[in-house]
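Presented below is the structure to which this report refers.
The values are calculated or read from the model by the stated rules, or taken from the named source; none is laboratory data. Only a predicted model underlies this, so the values are computations on that prediction, with no experimental measurement involved. Here the Cβ positions follow ideal geometry from the backbone for every residue, glycine too, while neighbour counts run over all protein chains shown. All accessible areas refer to the heavy atoms of the entire protein, side chains included, with ligands and DNA or RNA removed. Shrake-Rupley method; radii C 1.70, N 1.55, O 1.52, S 1.80 Å.
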Amino acid sequence: MENNSSEPKVDRTRGPAKKPTTNVKFYAVIVVLVVILAAFAVLAFYHPSTSSGVSANVVTTTQEAVGLGSTYSFYVNESSSFKNVSVWFGDGTYNTFNSTGNSLKISHTYNTTGDYFIMYSVNYGSTTSSNNLIPLTVGYPTSALKDFNASYGTLLLNSNSSAPLILNPLIFAPGVNLTYSMGAGSPANSSYQTVNQSMDVYQGANMIQQQNYQFVANNLGNSSSPFYLYQAPGNMIYYLNGLTSGYYTLELFTSSAVVNTTTGVINYGTLTTTSIFVNIPIFNHVSVPSSSNAIYTNAELAAGGYRTLDPAIAYDTVSNEILDNTNPGLLVYNGNSTISFNPFLATQLPNITNGGINNYSKTYTSSYTNEAGQTVTYSTALQPYENYTFTIRANASFANGQPVKAYDVYYSLVRDLLFINANDPGWILGQYVLPGNYYVTNTYHNITDNITYNNASNTLTIHFQQPVTPTLAFQVLTASGDYVSEASWFIANGAAITFTPAGFQAYKVFGQSGSYNTYIQNHVMADGPYTIEYILPGQEIVLQANPYYKAPGSWYPAPTIKTVAIQYLSNTNTPYLELQGGSAQQGGIPTSSWGNAVALKDSGKANIFGFPSLSVFFYNFNALVNTATLANIDPSANVPAAMFTSPNARAAFAYAYNETKYLQDQLGNPAYPQYSFGAFFAGIIPQGMAYYQTPAQLNASTGGHVPYFDLTIAKNYWDTFMAHSGAKLNLTMSGGKLMYNGKQVTLPIFYNTPDPVDQAGISTWTNYILQVTGIAIQQEPTPFNQLINYEYGTGPGTNPMPIYLLGWAPDYPFPTDYLKPMALPSSTLSVYPATDGMYPSWIGSSSNPIHNATEAGQMHNMSTLYNETFASAGSAQESYALQMDRMFINLTFQVELFQQVQYFVVSSHITPSSIQNYQENVMIGGGADTLYNFLTYTS
C-alpha cells in the first residue's frame, strides 16, 4: 500500500501577510469584531465563582469523548446522603442539583466543541467535597451538523515551563507558563474565508484576558489579476504565564465571511462565528484513582489526514491505520510475526485436521447463466489446499451491538472484489480467487462461485484458483481490502449491492474516483477494539473504545486506553512540543530534527524504538502528464506532457540525484551517527523479502545500470535525449535554459508536506538538474491525501504530477506485492505505472510525440515475466522475478531513495513491551501504523 512519509514517524509523521490598501475595510473589521466581543462578554456574568482551595480530585483518568450536541451523564455516588451538587460544566454553564440520597445522576448537553474538565462540589450540609474533576472531550460537528460556511478553530497546548502534576489527564501546578497554538480550518464553502480569531480567558468567573487576532488579506495573484486570501497574522501563539491556583477557561472564537477575492472586501452580513472551549485546572495537589486509562494522543506529521475509510478502497498507511483499529477481518498477525496468525472474526485458523482446508481432489460440472443470458457449463478440478472455510465466532459484534454474521464478511469481500482497479486493493485477493484477468473477470458468477457463505452454520468458504499454502492464504486475508463491516450498514447508507450480473457490473462505478460513497468514505461500523468518536476533517480523528467489542482471545485484547486522538499536523515542531509538554504520547519527529527525539529520550520523557521495515521510498516519473490540471495547481509549470516517455530523460534525472549526500546528511543526521534511518536500495524487491539482491549484485547483473550520482553520465543521457526527442517536443536551449512554449521549462516536483528532509533533498537536486538540463524546478509540498488524489485522478492520463515522491509498504510480504504495483507496465493492472503513463499502449502509441517501439516491447516482456513469476514457484519463480527487476532498473522507472528503518518515539509512560511485542511487525508498524489496543501505561 502507499506510504506517506520518508521520515521516521511514530506512525508513520510565506512571508508576512499583506492587508488590502483600503483603510476603510480594516476599520470595518475592527468595528464588527468589537460588537461581536461585546456580545460574548455577557457570558462573564454567568460564570459562577468556582470553589476555592489548592487541591483537586480526579474522578476518572479516562477522558471520555462525546459528539457535538450529545448529552453527557455521570453519577455522583457517595457513602452517605448529601444535599446537593454544584457543577461547572466548563462551557460557561453552571447548575446546582438537589439530592435526597447518596447517589445522583447528572446530565448536560454540550453544544460547543472543547476539551473540558467538569468540576463539581458535593454539599453534605456541614461539609463540602470540592474540586472534583472529570475530563471530557466534545468533538467537532459531524457532516450532518456542520455549518459549511463556518470555520472551526483549533487550540492545542504547545509547551509548558514545568512538568505536569499528572500526565493523564494533564494538570499543572501553580507557577506554570503555558503556550497554546491556535489554528482554523478553511470553510467548506469556498466563498467564505476565515477573517478573525479572538480569545477570552477566564479565571473562575472573572475575565482576565482578551485578545483579538485580525486576519489580513494577502494578494496571492498579481496587480492585473488579484486574488485576496485572508491569512493569520503570523504565528498564532497564546501565552499564559505564572498561573495561580484556580479553574481557567479559554474560549476561542473563529469568524468567517464571504470575501470578494478580487477586492478583499468582506461581506459582514454573512459573518459566521464558532467557538471552542479549553478548561485548565491549576492545583497544588491532585489525587487520582488507582487505574490509569487516559487519553492517548498521537501527533502525526500527516497533513490532510486520511484519504478514505471505505474498507474496500482504503489503500494508504494513514487510512489503514484507522481501519486496522476499527475493522479487522477474519485474521490478524500474531505479534511481530509475518508467518504466524491468530483468528479474529474466525473461531480458529482453518487447517487439514479441523476440516477448514480441503485435503481431497474432486472434479465436478456446473452451469450458470451469463450476463448475455446464455447457459454456460464448465468443469472444475478441485485440488487440495484450494478451499478455505472459516467459522465466524458467535460473540463477535459490531459497534451497534449486532452480531457479525458470515454474510457480513461475504458482503465486505464482494465489495473488495468489485472494486478491482489501479487505485484500490481488490487485486490482492482477486489475483488468487478469480480466474484469468481478474480486472475483467470480477463478474457476478466468478465472485459468487469462489466466495460462498452459509448463515445457518455461520461459515464462509474462499476458493482459490490454485493450491495455496496456509501462510500465503492468511497473509492475503490480512491485507488491505479485507476489512469487514456490517452488510446492513452498507445497505442503509447507500452502498447496497444488487446481487445480479447487471447489478454487480453497475456497482463497480462506486469504486472509481468521483463516484465514491462519501458517507462510507468518512464513517465506520466497527467490529474491532475501537470505533470513531469524531472527526475534524484533515486535522484530527478521535477513536473511542468499542463498547460492544469482545476479544477473540488474549492475543487481541480490549483496549485499556479508552480514547485515542490522532492529530494530522503540518508543523514539524509540534509533535516534539506536545511530547515534551506531555499532551501527546506519540509523535513524528523528522530526522532533520532528531536532536529533539534524543532530548526527549535523555530527559526521560520518551523512549525511541527502532526496527527494520519493508517500506521503500522513491520518486516516480510521469510519462503522461495532465498539463491542464497541472496548470490549475501551479500556473508557473511549463513542461511537455510526454517528456518522461524517454528512458534517457529519466536516467539523466536519476544520475543527477546525490544519493550519498541524501543518506548521510539529509535523511541521515551527522550529529547522531548511532541512528541509521535508511539504506540505499535498487530494483523493487526490498531487503528482508524473498529474492532480494543487493545494489551491487543488481548493478553487476544489469551491466552497471543502477544509477548513482554522476553529473557527466547525467549530461550524456540528457544530450542523447535532446538529440533524439528534443525537437519532437519543441524543446530548445537558450542561454543555458531549456525552453518550451517560449519560456523556460519549469517542472514541479511534488512531495508530502511536512517533509523537511526531502525539501532539502529536492533543493540539492534542483541545482544539479538545472546544471545538466537547464530546467527550473518548482517544489510542490502537498498534503498526503491530496497527493494520492492527484496520482489516481480519474484514470490513466489524469495525473498532473511530472515527478512525485511516495513510497510503498507491504500488503503481504512477498515479491509480487512489489513487482505488480510498481513495476508491471499496465494501464489497468498496476498502481504506479498505470497512473504514470508507463505502459506500452502509451509508450509505443503514435499519438505520443516521442513514442518508442523498443521500449514498449521491453514493457511487454516485463508483463510476461510478471505472469511467469506469479504462476511459478521456487527457483523458476526467483529467476522470472529477478529478470523483471533488472528490466525495471534498465528502464529507470523511478529514482529510488531508500529502504526505511522505522522509529517510534513514544512517551516513557507507555509500557515498552507493548511497543516491542506488537508494533514492530513490518506489516503494521513497518508502515508507521499503531495498534492502540495493545498499548498500556506503566502507571
Residue within the range 730-746 that is open to solvent by less than 30 Å² (accessible area, probe 1.4 Å) and under 31 Å from the mean Cα position of the chain (by Cα) present: yes
Among the residues of the range 180-206, the number that are among the hydroxyl-bearing types (Ser, Thr, Tyr), closer than 16 Å to Asp115 by Cα and open to solvent by less than 20 Å² (accessible area, probe 1.4 Å) is 2
Positions within the range 140-178 being of a type in the set (Val, Ile, Thr), farther than 30 Å from Gly269 by Cβ and open to solvent by 20 Å² or more (accessible area, probe 1.4 Å), in sequence order: Ile166
Selection within the range 888-923 - surrounded by fewer than 23 Cβ atoms within 10 Å (Cβ to Cβ), among the β-branched types (Val, Ile, Thr) and closer than 27 Å to Gly604 by Cβ: Val901, Ile910, Thr911, Ile915
Looking only at the range 640-661, how many residues end up being open to solvent by 10 Å² or more (accessible area, probe 1.4 Å) and closer than 24 Å to Tyr792 by Cβ? 1
Condition check for Val138: of a type outside the set (S, T, N, Q) and out of contact with any Gly (no Cβ under 8 Å at 6 or more places or on another chain): no
Those strands (runs of 3 or more DSSP E) completely within the range 352-410 that have 3 or more residues that are at pLDDT below 95, of a type in the set (Ser, Thr, Tyr) and surrounded by fewer than 12 Cβ atoms within 10 Å (Cβ to Cβ) are 362-369, 375-382
Look through Phe611, Phe681 and report the one residue that is at pLDDT below 95, of a type outside the set (D, E, K, R) and closer than 26 Å to Tyr717 by Cα. Phe681
Is one or more of the residues making up the range 253-269 surrounded by fewer than 23 Cβ atoms within 10 Å (Cβ to Cβ), within 23 Å of Leu68 (Cα to Cα) and within 32 Å of the chain's Cα centre (by Cα)? yes
Take Asn212 and tell me if it is buried (at least 18 other Cβ atoms within 10 Å of the Cβ) and under 30 Å from Asp147 (Cα atoms). no
Residue match in the range 770-788 (condition: part of a helix (DSSP H, G or I), more than 22 Å from Thr629 (Cα to Cα) and open to solvent by less than 40 Å² (accessible area, probe 1.4 Å)): yes
Starting from the range 203-231, take each residue that is among the β-branched types (Val, Ile, Thr) and list its partners that are open to solvent by 50 Å² or more (accessible area, probe 1.4 Å) and at pLDDT below 90, counting only C-beta distances under 9 angstrom and pairs at least six apart or across chains. Val216/Pro16; Val216/Lys18; Val216/Lys19; Val216/Phe26; Val216/Pro233
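Residue-wise test of (1) part of a helix (DSSP H, G or I); (2) in contact with a strand residue (DSSP E or B) (Cβ under 9 Å, 6 or more places away or on another chain); (3) modelled with pLDDT of 95 or more; (4) outside the structural domain of Leu624 (by the TED database).
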site: Pro849; (1), (2), (3), (4): no, no, yes, no
site: Thr854; (1), (2), (3), (4): yes, no, yes, no
site: Met859; (1), (2), (3), (4): yes, no, yes, no
site: Phe870; (1), (2), (3), (4): yes, no, no, no
Kindly indicate whether Thr137 is under 30 Å from Thr560 (Cα atoms), open to solvent by 50 Å² or more (accessible area, probe 1.4 Å), of a type in the set (Val, Ile, Thr) and under 28 Å from the mean Cα position of the chain (by Cα). no
Taking the criterion of being small (Gly, Ala, Ser), assigned to a loop (DSSP other than H, G, I, E, B) and on the phi > 0 side of the Ramachandran plot, would at least one residue in the range 441-458 satisfy it? no
Could you look through the range 459-513, keep only residues that are of a type in the set (Val, Ile, Thr) and within 23 Å of the chain's Cα centre (by Cα), and pick out the one that is surrounded by the fewest Cβ atoms within 10 Å (Cβ to Cβ)? Thr478
Can you find even one residue in the range 412-428 that is farther than 22 Å from Pro328 by Cβ, at pLDDT 95 or above and part of a helix (DSSP H, G or I)? no
Of all residues in the range 176-219 being part of a loop (DSSP other than H, G, I, E, B) and within 30 Å of Thr262 (Cα to Cα), which is modelled with the highest pLDDT? Phe215
Restricting the search to the range 78-92, which residues are closer than 26 Å to Gly114 by Cα and either assigned by the TED database to the domain that holds Glu540 or touching a strand residue (DSSP E or B) at 6+ places or on another chain (Cβ under 7 Å) (or both)? Val85, Ser86, Val87, Trp88, Phe89, Gly90, Asp91
In the set Ser162, Ser126, Ser86, the lone residue that is part of a strand (DSSP E or B) and of a type in the set (S, T, N, Q) is Ser86
Just one of the numbered conditions (1) surrounded by 23 or more Cβ atoms within 10 Å (Cβ to Cβ); (2) in contact with a helix residue (DSSP H, G or I) (Cβ under 7 Å, 6 or more places away or on another chain) is not true of Leu630; which one? (2)
Which one is least open to solvent (accessible area, probe 1.4 Å), of the residues in the range 220-243 that are hydrophobic (A, V, I, L, M, F, W, C) and part of a strand (DSSP E or B)? Leu240
Look at the range 665-699 and say how many of its residues are closer than 30 Å to Ala599 by Cβ and open to solvent by less than 40 Å² (accessible area, probe 1.4 Å). 6
